[in-house]
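Here the structure is laid out as structure tokens; the discussion comes afterwards.
The values are calculated or read from the model by the stated rules, or taken from the named source; none is laboratory data. Model, not experiment: these values are computed from the prediction. Quick reminder, even Gly has a Cβ in these numbers, built from the backbone with ideal geometry, and neighbours come from all protein chains shown.
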Amino acid sequence: MIDTPGKTYRQAARDALGFPALMLLASMTGFGSLARESGLTLGMALSTTAGIWGLPGQVALAEMHAAGVSALFVILAVSLANARFFPMAVSFIPLMRGGVRRYGWMFALVQLLSINSWAAGIRRFPEIAVQMRPRYYVAFAGICMLSGLVGTAIGFYGVGAMSRPAALGLIFLNPLFFAVLLAGTRAGPAITALLVGIPLGPIFHWLSPEWGLLATGLIGGSLAFWIHRLRGPCHE
Amino acid sequence: MSEHTLLWLVVLGSIGATYAWRMLGAMLSRDVNPESAFFQWITCVSYAMLAGLIARMVLIPVGPLTEVPLWIRLTGMVVGLGVFFLLGRRVLAGVSAGLLVFIALVAYG
């Protein structure tokens, strides 16, 4: 059991430095170059990375702005692309809220949540004492955020220096990395939810680009939950 | 309003509209029991949403990936996941293989 601050921070650094940090550096480099091509300033690109902190929504912002979509619709589309943060927060915060004295901290900590920190926390928390979990999360997610900001700046200034296939590869890195990360899931209901979500995502997106993702989560997740209702939890 | 100011408003508005979901999640989380059926259900919802999002990003991309043919996107993904499982769930090997195949196919395919 990991139960001292020192051990917790070392574990978080070991888990974050290396692959997750590298992935964020690379994929946010892709976003940085896209942001510049789309007419954003460096300040806007960095604010977008730190403030939205979810690549699909960030890409939607840059793309739609470049396509001349009006402000309100850009904001609405970005918001809907990020609706996943709601169920992600609800399925994550209860695992670590016992580690803070004042619950209000969660309103700040939730800003750091991303697929990386969510998956890392769900995987590692069982070995970490409840009191130490917020430290693990802040250290892990903080390293990720820092790498993402550095990557954004590199991409912003490095655009053009990169060959087109490499630049496209950096953007492809996101769905690829997320897919491999989630493919490592071992809990039965979670696997069912993933398998149901794969076909539903594109189908519902085709039916309604705005609400497709929400519908995928609600219908696919409920289906997986229902299938496993009597067989075990949707959590590792 | 200048173009520059308007764009900042879009950026800040998007940040606020994204944080709204996180804040709602934090508000609801206060009283959710991790052992409850509701918690298990919303975890399933998260997984389904993430899987749907990834599938959508590959099959119906927005942005620069639209210029890459579908078969190259699918091949990169299949190679990545295939190597990941064949080598005993090694994330680095899977992602590297998928990425290299993708870049090679975009360059020479």
The range B:89-109, residues that are at the interface with chain A (Cβ under 7 Å from one of its Cβ atoms) and either part of a helix (DSSP H, G or I) or modelled with pLDDT of 95 or more (or both): B:V91, B:L92, B:G94, B:V95, B:G98, B:L99, B:F102, B:I103, B:V106, B:A107
Residues of the range B:3-32 satisfying the condition of being more than 21 Å from the chain's Cα centre (by Cα) and more than 7 Å from chain A (Cβ to nearest Cβ): B:E3, B:H4, B:T5, B:L12, B:M27, B:D31
Subset of the range A:107-123 [closer than 18 Å to A:A12 by Cβ and within 11 Å of another protein chain (Cβ to nearest Cβ)]: A:A108, A:L109, A:V110, A:Q111, A:L112, A:L113, A:S114, A:I115, A:W118, A:A119, A:I122
Residue in the range A:152-170 that is without any contact (Cβ under 8 Å) to a residue 12 or more places away in the chain, in the same structural domain as A:P87 (by TED's automatic domain parsing) and buried (at least 22 other Cβ atoms within 10 Å of the Cβ) present: yes
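State whether one or more residues within the range A:11-21 are under 19 Å from B:T18 (Cβ atoms), aliphatic (A, V, I, L, M) and in contact (Cβ under 8 Å) with a residue 12 or more places away in the chain. Before you say what the answer is, go through the steps one by one.
Of the range A:11-21, the ones under 19 Å from B:T18 (Cβ atoms) are none.
No, that holds for no residue.
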Considering residues of the range A:66-76 that are at pLDDT 85 or above and either part of a loop (DSSP other than H, G, I, E, B) or touching a helix residue (DSSP H, G or I) at 6+ places or on another chain (Cβ under 6 Å) (or both) only, the residue farthest from the other protein chains (Cβ to nearest Cβ): A:S70
Matching residues, the range A:52-90, being within 30 Å of A:F125 (Cβ to Cβ) and free of Cβ contacts under 8 Å to residues at least 24 places away in the same chain: A:S79, A:F86, A:V90
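Has the range A:30-37 got any residue that is over 20 Å from B:P64 (Cα atoms), in a helix (DSSP H, G or I) and of a type in the set (A, V, I, L, M)? If you could, list the steps in order and put the result at the bottom.
As a first pass, look at the range A:30-37 and keep what is over 20 Å from B:P64 (Cα atoms): none.
There is no residue in the range A:30-37 that is over 20 Å from B:P64 (Cα atoms), in a helix (DSSP H, G or I) and of a type in the set (A, V, I, L, M).
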Some residue of the range B:40-58 being among the hydrophobic types (A, V, I, L, M, F, W, C) and either surrounded by fewer than 20 Cβ atoms within 10 Å (Cβ to Cβ) or more than 7 Å from chain A (Cβ to nearest Cβ) (or both): no
Condition met for B:R73 (farther than 24 Å from A:I219 by Cβ, at pLDDT below 95 and surrounded by fewer than 24 Cβ atoms within 10 Å (Cβ to Cβ)): no
